[in-house]
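What follows is a set of notes on a single structure, which appears directly below.
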Amino acid sequence: MSKWFDESEFVCKCCGQLPPNGIDQNLLNLLDDIREAVGTSLTVNCGYRCAQHNAEVGGVPDSQHNGNPCTAADIDATDVGVEELAQLAETAGADGVGRYFGEAGTFCHIDVRSGRIGDTVRWTEGI
């Protein structure tokens, strides 16, 4: 259950499905917290990915996007840049935060791989 997001925003772009156990509640809570800080401009670009879609986009086999439940989302916000969005995610307690700049667009990956306890896995790609 999320205050701001609907499960339809997390379906796989390839098959239109969600994992059997849905979207992790810690991820939804984290996204709600970030949206409270950013406002309505926050968008989920990618939530769940089935194995086929994950392979097509070059995701690692054990991606947080294809877990059951899904524990990751790629997000962006028109009102703030990637660095500010990543900082908000870190402050809100995201376990994994990736900053992406490149052909695929500019966005921030966030995940709750450890249940949102603040484990720090950080990376930047495309700079």
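The numbers here are math on the coordinates, done by the rules we state, and not lab data. Since the model is a prediction, treat every value here as computed from it, not as a measurement. Using ideal geometry, Cβ is built from the backbone for each residue, glycine included, and neighbour counts are taken over all protein chains shown.
Considering only alpha-carbon pairs that sit under 8 angstrom and 6 or more positions apart, the relative contact order computed for the chain is 23 percent. When each of Leu27, Leu18, Leu42 is scored by the number of other beta-carbon atoms lying within 10 Å, the sequence from fewest to most is Leu18, Leu42, Leu27. Each of Val82, Thr40, Gly102 was scored by the projection of its Cα onto the charge dipole of the range 38-120, and the greatest displacement toward the positive side belongs to Thr40; charges sit on the C-beta of Lys, Arg, Asp and Glu. Simple point charges give the picture: +1 on the Cβ of Lys and Arg, -1 on the Cβ of Asp and Glu, and for the chain a dipole about the Cα centre of about 220 debye. When each of the peptides 43-50, 58-65 is scored by how many other beta carbons lie within 10 Å of its residues on average, the order from highest to lowest is 43-50, 58-65.
Between (1) 30; (2) 35; (3) 27, which entry matches percent of Cα pairs over 22 Å apart as derived from the coordinates of this structure? Given (1) 30; (2) 35; (3) 27, the structure-derived one carries the label (3). Largest GNM mean-square fluctuation across Ala77, Ala55, Ala94, computed for the chain with C-alpha springs under 10 Å, falls on Ala55. Put a plus charge on the Cβ of each Lys and Arg, a minus charge on the Cβ of each Asp and Glu, and nothing anywhere else: the dipole of the range 22-67 about its Cα centre is then about 120 debye.
The 3J(HN,Hα) values that the Karplus relation (6.51, -1.76, 1.60; θ = phi - 60°) gives for the range 37-43 are, in residue order, 7, 8, x, 6, 6, 6, 10 Hz. Gly and Pro appear as x. May I ask for the distance between the Cα centers of the range 57-87 and the range 4-20, given as a whole number of Å? Using only Cα atoms, the two centres lie 14 Å from each other.
Here the sum of -39500 (n - 2.57) over DSSP H runs of 4 or more residues, divided by the residues of the chain, equals -7000 deg cm²/dmol at 222 nm, to the nearest 500.
Sequentially through the range 15-22, phi angles give Karplus couplings (6.51, -1.76, 1.60; θ = phi - 60°) of 10, x, 9, 10, x, x, 9, x Hz, Gly and Pro residues having no value and appearing as x.
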